[in-house]
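See below for the structure under consideration.
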Amino acid sequence: MNFRFCGNSGLQLPLISLGLWHNFGDTDSFSVAKDMIIHAFEQGITHFDLANNYGMPPGSAESNFGKVLKTYLKNHRDEMIVSSKAGHLMWDGPYGDGGSRKYLTASIDQSLKRTGLDYFDIFYSHRYSPETPLEETVQTLIDIVKQGKALYAGLSKYPAGKAYEACEIMKAQNVRCLIYQDKYNLLHRQPEREHFSLFREQGLGFIAFSPLAQGLLTNRYINGIPDGSRAAKPHGFLQKEDIKPDLTEKIKQLNRLAEQRGQSLAQMSLAWLLAKKEVSSVIVGASSVQQLQNNILSINNLIFSSEELNQIELVFR
Ligand SMILES: NC(=O)c1ccc[n+]([C@@H]2O[C@H](COP(=O)([O-])OP(=O)(O)OC[C@H]3O[C@@H](n4cnc5c(N)ncnc54)[C@H](OP(=O)(O)O)[C@@H]3O)[C@@H](O)[C@H]2O)c1
């Protein structure tokens, strides 16, 4: 594994991080989840990304991660960066969603209990909450860091202007906003238009989620929708209807370009992100050790010729 400094901070992140949103809950195989976490760590993936609501049911990914940590990796806590988040609906009533001090404080305490950790390395506001004063959410992140419940604060899915304001509020109280997390992949380019200048101005690290567009940017759906794939499952954000013929055609073209580079499409999609200096790390999801290993090998070729980059852009014209 190679590591990159997270923005202007002294914290290094592995180029590939592992996300536990899907496939690590109680409705999934614990044995496969455990094998993926252990394989990841053995391959130098030191960063594991969680949130209060991950897993089916919500919370179970944190509990299962805690179980694996306690049983198999308990002597390695100091070699790991573990993140969690709060911001989306987690429990009933007005205190289980959004960005209030009440919600974030209760949620991090629950997440620490579920994982069995004394602290998170990074704690995020999971989304911008327009109905909460920004100062309230950010002050809670600052207090969480000052209380030692997290070492660093992060923001996810904030409009660039709001993220900028949040960074300034933190700076005024000598707490660094370490990192910004958002969806970024070949099919979703919004951060490069809206957020990249913010990273440079604020010295923020940037970690890309859904770097494979939930599996679309792999060979998973090239010949239809396989049983057991994310799109075949009834719940979740990737729906069968999302896989339209014109998209499949683009994916096939990308797949041919990946083959010419001697990479799988998943590897080329990750390498394309990691070739950008603004990207500190990418958070991959996986449903098997084989997928994860395939993704890890992307780091062997992160260099693109301008001809290759042009060909990729042409797919989307
Ligand atoms: N901050 C936020 O709001 C937010 C939102 C979403 C995600 N995230 C974070 O980002 C992480 C990753 O998100 P994601 O799961 O959407 O990531 P992703 O890497 O875009 O998609 C992962 C899925 O792609 C398929 N896949 C992965 N590697 C493959 C390979 N080599 N070959 C073929 N298929 C492959 C698998 O699908 P199958 O399951 O079908 O096999 C896997 O479950 C999450 O776990 C979470 O930590 C954060």
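The values are calculated or read from the model by the stated rules, or taken from the named source; none is laboratory data. Worth saying up front: this structure is predicted, and the values here are computed from it rather than measured. Note that each Cβ is placed from the backbone with ideal geometry, even for glycine, and that neighbours are counted across all protein chains shown.
Quick rundown of the values:
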read-out: Residue list for the stretch 1-35, restricted to those being part of a helix (DSSP H, G or I) and either surrounded by fewer than 21 Cβ atoms within 10 Å (Cβ to Cβ) or of a type in the set (D, E) (or both); value: F30, S31, V32, K34, D35
read-out: Of residues in the stretch 78-103 being within 15 Å of the ligand (Cβ to nearest atom) and in contact with a strand residue (DSSP E or B) (Cβ under 7 Å, 6 or more places away or on another chain), the one nearest to E135 (Cα to Cα); value: G99
read-out: Qualifying residue in the stretch 132-140 (condition: within 23 Å of G285 (Cα to Cα) and either part of a helix (DSSP H, G or I) or in contact with a helix residue (DSSP H, G or I) (Cβ under 9 Å, 6 or more places away or on another chain) (or both)); value: no
read-out: Given (1) at negative phi; (2) within 16 Å of the ligand (Cβ to nearest atom), number of the condition N23 does not satisfy; value: (1)
read-out: Qualifying position, being near the ligand (Cβ under 8 Å from one of its atoms) and surrounded by 15 or more Cβ atoms within 10 Å (Cβ to Cβ), among Q181, Q202; value: Q181
read-out: Subset of the stretch 47-69 [assigned to a helix (DSSP H, G or I) and closer than 22 Å to D182 by Cβ]; value: A61, E62
read-out: Selected residue (only one of S84, S129, S107 is closer than 26 Å to G285 by Cα, assigned to a helix (DSSP H, G or I), of a type in the set (S, T, Y) and modelled with pLDDT of 95 or more); value: S107
read-out: Options L212, L270; residue that is over 19 Å from Q12 (Cβ atoms), within 15 Å of the ligand (Cβ to nearest atom) and in contact with a strand residue (DSSP E or B) (Cβ under 9 Å, 6 or more places away or on another chain); value: L212
read-out: Hits in the stretch 107-143 (condition: free of Cβ contacts under 8 Å to residues at least 60 places away in the same chain, over 27 Å from A160 (Cα atoms) and small (G, A, S)); value: G116
read-out: Flag if Y164 is farther than 18 Å from S83 by Cβ, touching a residue at least 24 places away in the same chain (Cβ under 8 Å) and within 10 Å of the ligand (Cβ to nearest atom); value: no
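Every residue, every condition in (1) at pLDDT below 95; (2) on the phi > 0 side of the Ramachandran plot; (3) surrounded by fewer than 23 Cβ atoms within 10 Å (Cβ to Cβ); (4) not in a helix (DSSP H, G or I), yes or no:
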| position | (1), (2), (3), (4) |
| --- | --- |
| E259 | no, no, yes, no |
| A266 | no, no, no, no |
| S269 | no, no, no, no |
| K276 | no, no, yes, yes |
| V282 | no, no, no, yes |
| S287 | no, no, yes, yes |
| Q290 | no, no, yes, no |
| I296 | no, no, no, no |
| I299 | no, no, yes, no |
